[in-house]
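One structure is given below, encoded as structure tokens.
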Amino acid sequence: MREVRLRISWDGASVERSGRLLLAEHELLAEVDTVRIRLPYASIHGADLRLSTLTIFADRATIAASDSDRLQSFRIALCARACALPELTVGLRALGSHRGGDPDLQGRFFAPLLAARRRLEGQDTVEWRLAAFDADDLRRQTMETLREMVAEFVPNRAPARRSLEAQVLDEAEPLLNAMDALGEAAYLVRSADDARSYLCWRSWAARARDVFVQADRCWMAVWPLLAGSPTLRRRGWSGRGAPGRGSAGGAIALAAGLVQTLGR
């Protein structure tokens, strides 16, 4: 953004004169005469646009820009960089792995998370991203999926079904807690003032990454419990989660199931 009126406060010093604001790949640049101030996007706490002045709040600086008709578009572009989408699926080590067990069950368990991630990536604004990756919906779908699996594999023995469900939900507790923390972080993003909105978004993003990590750990704990059921034993899976027979066929099915899961 060229030739705007800038008021910059930096480490106790301040200056006010015409200058430029530029959005580089990893940082915001403020240029006044021959002086260039660099603010990494991760250091920016938020930005507030009111009364024709855009104020940017950072760790060591506050920059107020005015006298430009491009302040709103600049604020949107700054938010897109400072509130970039996190890489979420790096925490999913079980998905698609042989040790993760039956590919169909993997797909069913991880499907709500993967669908939410796809919705998240299709949104441009922070508010719509939060709605696309809703913690309450994920929690409800996860509980329903786990209960459906238990009922499917222990259909006619109520005591055994209740026992297995209790064990499964106990293993799922860290994941459910992570989803609750994600919901609390979303509330803080929605209620934050503009001066801290980017900070709150980054906290939410960290919680979202943790949900994927906990989902991976949850499945690796839940799968052996399901694999010990008579139904899955008849399919050739052992209580440790490895196929009892037909390893080559199991590997082929696993690969096919993963392709279907990621392609949905």
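Filter segment 33-47 for residues that are in a strand (DSSP E or B) and surrounded by 16 or more Cβ atoms within 10 Å (Cβ to Cβ) and give the result. Quick ask: steps written out before the conclusion?
Of all residues in segment 33-47, those in a strand (DSSP E or B) come to 35-40, 44-47.
Scanning segment 33-47 gives Ile37, Leu39, Ile44, His45, Gly46, Ala47.
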(request) Starting from segment 197-225, keep only residues that are closer than 30 Å to Leu164 by Cα, then list their pairs with residues that are surrounded by fewer than 21 Cβ atoms within 10 Å (Cβ to Cβ) and among the polar types (S, T, N, Q) whose Cβ atoms are within a distance under 7 Å, requiring at least 6 positions of separation or different chains. (result) Phe212/Thr89; Leu225/Gln167
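Consider Ser66 carefully, then state whether it is of a type in the set (Gly, Ala, Ser), surrounded by fewer than 16 Cβ atoms within 10 Å (Cβ to Cβ) and closer than 30 Å to Gln167 by Cα. Even if it seems obvious, please write down each step before you answer.
Values: of a type in the set (Gly, Ala, Ser): yes; surrounded by fewer than 16 Cβ atoms within 10 Å (Cβ to Cβ): yes; closer than 30 Å to Gln167 by Cα: no.
No; evaluated as a whole, the condition is false for this residue.
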(message) Suppose we filter segment 106-122 for residues that are among the charged types (D, E, K, R) and either modelled with pLDDT of 95 or more or closer than 12 Å to Leu146 by Cα (or both); how many remain?
(response) 1
(message) Any residue in segment 98-126 that is under 15 Å from Arg209 (Cα atoms) sitting within a Cβ distance under 7 Å of a residue that is of a type in the set (D, E, K, R) and crowded, with 22+ Cβ neighbours inside 10 Å? List the pairs, counting only those 6 or more apart or interchain.
(response) Leu120/Arg129
(request) Would you mind stating whether Ala61 is farther than 30 Å from Glu152 by Cα and among the aliphatic types (A, V, I, L, M)? (result) yes
(message) Just to be sure before I move on: is Leu54 closer than 24 Å to Ser14 by Cα and outside any helix (DSSP H, G or I) in the structure I sent?
(response) yes
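The values are calculated or read from the model by the stated rules, or taken from the named source; none is laboratory data. Every value quoted in this text rests on a predicted model; they were computed, and no experiment measured them. Note that we place each Cβ from the backbone using ideal geometry, even for glycine, and neighbour counts take in every protein chain shown.
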